[in-house]
């Protein structure tokens, strides 16, 4: 009798654990579907930019955003080149689609003058440890992909590795501006 009770208890325990695993799997599946739906809605309803710097990941203080906006505004007045910075929280997009989202934002926000296609979008995700610079076709004629890669590696990333996102963004932004000014003066 004791043996039967032992087997019955083990069977009950195994069924209970299996039921919990199924319930957890269903909850996880529901969470994944909810996140996917949220991301799809976000993709189809990209928020309008509030300024040149749109910090959806809260990497910058208000003062830092103001400084970045001021640098970009001054440069835009001098050259007509538009630069936008966006930080993107991981809930908004999967890591695999991060680059696609930055391109989608650049196109949706119409960064750059239409006739010149001279916009640049700098997309940053601290959570994914990603940065992407989307250059308009007019900018690609001035700054090569290799130069853009060098700017990321030498100006953004060293500061990002230290957790200094503002300093890295400022350094990278200033280098982009310097290169564009140097090349347009020649």
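Where a number appears in this text, it was derived from the coordinates with a stated rule and is not lab data. Keep in mind that this is a model prediction, so the values were computed, not measured. Glycine gets a Cβ as well: all are built from the backbone with ideal geometry, and neighbour counts include every protein chain shown.
What to note about this one:
- Simple spin-label estimate for residue 58 and residue 164 gives 2.4 nm between the two label positions (7 Å along the Cα-to-Cβ direction from each Cα).
- At R0 = 22 Å, FRET efficiency that the Cβ-Cβ distance of residue 70 and residue 157 yields, to 0.05: 0.35
- Annotation for residue 91 and residue 40: the two label points, set 7 Å from Cα along the Cα-Cβ direction, are 1.9 nm apart.
- Alpha-carbon centroid distance for the pair region 148-183 / region 77-117, whole angstrom: 17
- Label point of residue 181 set 7 angstrom out along Cα-Cβ; within region 76-115, amide nitrogens under 17 Å from it belong to 76-83.
- Approximate spin-label separation residue 32-residue 99, in nm, with each point projected 7 Å along Cα-to-Cβ: 2.4
- Residues listed by number, region 82-99, amide nitrogen under 19 Å from residue 130 label point at 7 Å toward C-beta: 84-99
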